Amino acid sequence: MTNRIAALAAATALGATLVAGQALAAAPTVVTTFGPVVGETVQGVAAFKGVPFAAPPLGALRWRAPQPPKAWTAPRDAKAYGPDCMQNPFPGDAAPLGVKPAEDCLYANVWTPEAALKAKTKLPVMVWIYGGGFVNGGSSPAVYAGDRFARDGVVLVSFNYRVGRFGFFAHPALTAAGADGGMLGNYGLMDQIAALKWVRDNAAAFGGDPDNVTVFGESAGGVSLHALLTAPQAKGLFHKAIIESGGGRPRLLPTLPLTAPAGQRSAETAGLAFAAKAGVSGTDAAALDALRALPAETVVDGLNMATSGTPTWAGGPMLDGKIVTDAPLKAYQAGAWSKMPVMVGATSADGFFFGGTRDQVFAPFGARRPEAEALYDPKGDGELKVYGWKAAGDRMFIEPARAVARVMSSQGAPVYQFRFSYVAESQRGQWWGAPHATEIPFVFDTVDARYGAALTQADAAAAKAAHAYWIGFAKSGVPTAPGGPAWPRYEAASDQILDFSAEGPKVVADPLKARLDLVEATTP
């Protein structure tokens, strides 16, 4: 009996080994420029996660431009996300991280149709840049999963970039060291450029076309796109851009210069303030060593979207004279950008209103306050939160998107402006319009992950529509969708946009024109 049991156990183990071997053999494998990776296939989509595109930015590589990872020869398992970049997660985030953050975080993820790997096709490539105020965010949230894009014939790439003080930090000791030929401060943007170079070099291996790359990003990801469109280092790395709630005028947090004369605020003064709080003094090599030796949690120091007003934080991208040389709109007006097809827009209840008084809402309109009150609160008895939010959103995101569309289109670029107004049916009792970032699960067609049991047929249909236009743009540079209205190129004279409304996508003359004209006229 004992021998029979032993034989049965051995046979079972052998069978399991054979099954595991068959599964491993069937697992999709791609040889990247740094080494082979083994992903997994689910319902015809091959997914590769946690693929290194740069070396871990640890130790002496903290606050350095991203370096190439060490090459490998044995197949690397790529079935799980790598860590998101080190941060203090923001409570209540609509896109919560799916993995624990860490300083070792420079990983990419790829979703591609299984058939594309076998046929060596040249599918359009889309690259996602997440938001999070440059202090939060990562590629692991469920709503950012790229399998629906791959299902519909696109190679979807996402990646992590350093956030907070790991990604945007300046200090006189770093400037003096000059380790990367003057590339300083904007390490998170350097990560993005390194990731795009990795996409250029590896897209074909995943069935994608390196000459048809669309980068799309929201909020801080949209702000990043402004930087990439105007950075010489990113020229030629992508061919179309989709800017979702990326502003374009000066940001909520000021864009500081990397250095400034004594007595003026700069990214370096913010870095010095942080160093002093962390107990590090001096500006020599010893000070830099001490800063690099600080535990990651000390560098975070509680920073997230709720605490980003601290004087020990530089506010994100800085004017470094290399990647970021001017405000986006000024660079566009000067023609100093990589001209390409662009989609740009915002949500209908975009922005943030942090409370205050009626006077605070209307003070920015100056002498034209009576016009503003008539537009935002025509009866004079509206709810402060509603008209305050509308005024703030127009100034932060909606009017700047129009300003960007106008400048780019005036230079002959194909530009398509959108407004995302659809509100999930379960949220309509709480919101008069679509809040900031709520378009993302519709664009990714991951509304099931966002709304769960509250998802309705109408929500799912709205997601299919938005998703289709994004894919149409990635394929041809013209946002088209089967059965959807033809989306006209933006022209200031007609001011037509595509509104993703509760009744479906529709082409309209911008209904907010009067409000946006007033905001434009009262913007310094």
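The values are calculated or read from the model by the stated rules, or taken from the named source; none is laboratory data. Just so it is clear, the structure is predicted and the values come from calculations on it, not from any experiment. Methodologically, a virtual Cβ is constructed for each residue, glycine included, from the backbone with ideal geometry; neighbour enumeration extends over all protein chains shown. When the accessible area is computed, the model is the full protein with side chains, heavy atoms only, and any ligands, DNA or RNA have been set aside. Shrake-Rupley method; radii C 1.70, N 1.55, O 1.52, S 1.80 Å.
Summary table
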read-out: Rg ratio (alpha-carbon, reference 2.2 N^0.38 Å) - the chain; value: 1.02
read-out: Sparse-neighbour loop sites [trypsin sites (Lys or Arg not before Pro); the stretch 80-122; at most 15 other C-beta within 10 Å; DSSP]; value: LYS120
read-out: Within the chain, longest stretch free of exposed GluC sites (Glu not before Pro) [DSSP loop, at most 15 other beta carbons within 10 Å]; value: 1-382
read-out: Percent carbon-and-sulfur accessible area, the stretch 368-524, ignoring ligands, DNA and RNA, probe 1.4 Å; value: 55 percent
read-out: At least 18 Å along the helix axis (C-alpha) and Kyte average at least -0.5, DSSP helices within the chain; value: 2-26, 187-202, 457-476
read-out: Distance between the stretch 226-270 and the stretch 127-197 - C-alpha centres, whole angstrom; value: 13 Å
read-out: Using alpha carbons only: equivalent-ellipsoid semi-axes of the stretch 350-390, gyration tensor based, whole Å; value: 15, 12, 9
read-out: Separation of alpha-carbon centers, the stretch 207-222 and the stretch 282-321, rounded to whole Å; value: 29 Å
read-out: Whole-percent carbon and sulfur share, accessible surface of the stretch 218-325, 1.4 Å; value: 58 percent
read-out: Qualifying aspartates and glutamates (Cα of each under 14 Å from Cα of LYS506; at least 8 residues distant if same chain); value: ASP495
read-out: Rounded to the nearest 20 debye, dipole of the chain from Cβ charges on Lys, Arg, Asp, Glu; value: 760 debye
read-out: Ellipsoid semi-axes in whole angstrom, largest first, where each is sqrt(5λ) of the Cα gyration tensor of the stretch 289-366; value: 30, 26, 14
read-out: Anisotropy class of the stretch 451-524 from Cα gyration tensor, a/c 1.5 cut; value: oblate
read-out: Given LYS235/LYS390; LYS70/LYS277; LYS197/LYS475; LYS79/LYS197, the pairs whose alpha carbons are separated by over 24 Å; value: LYS235/LYS390; LYS70/LYS277
read-out: Surface per residue (accessible, 1.4 Å probe) for the chain, Å²; value: 40 Å²
read-out: Sparse-neighbourhood loop sites, chymotrypsin sites (Phe, Trp or Tyr not before Pro) in the stretch 302-405 - DSSP loop, at most 15 other Cβ within 10 angstrom; value: PHE352, PHE354
read-out: DSSP beta bridge pairing in the stretch 98-171, given as percent antiparallel to the nearest 5; value: 50 percent
read-out: Stokes-Einstein D in µm²/s, Kirkwood radius over Cα pairs - the stretch 315-471 at 25 °C with 0.890 mPa s viscosity; value: 137 µm²/s
read-out: Beta bridges per DSSP with both ends in the chain, % antiparallel, nearest 5; value: 40 percent
read-out: Cleavage-rule hits (trypsin sites (Lys or Arg not before Pro)) in the stretch 36-103: DSSP loop, at most 14 neighbouring Cβ within 10 angstrom; value: LYS70, LYS79
read-out: Phi to ³J(HN,Hα) by Karplus 6.51 cos²θ - 1.76 cosθ + 1.60 over the stretch 70-77, Hz, x for Gly, Pro; value: 5, 5, 9, 10, 6, x, 9, 5
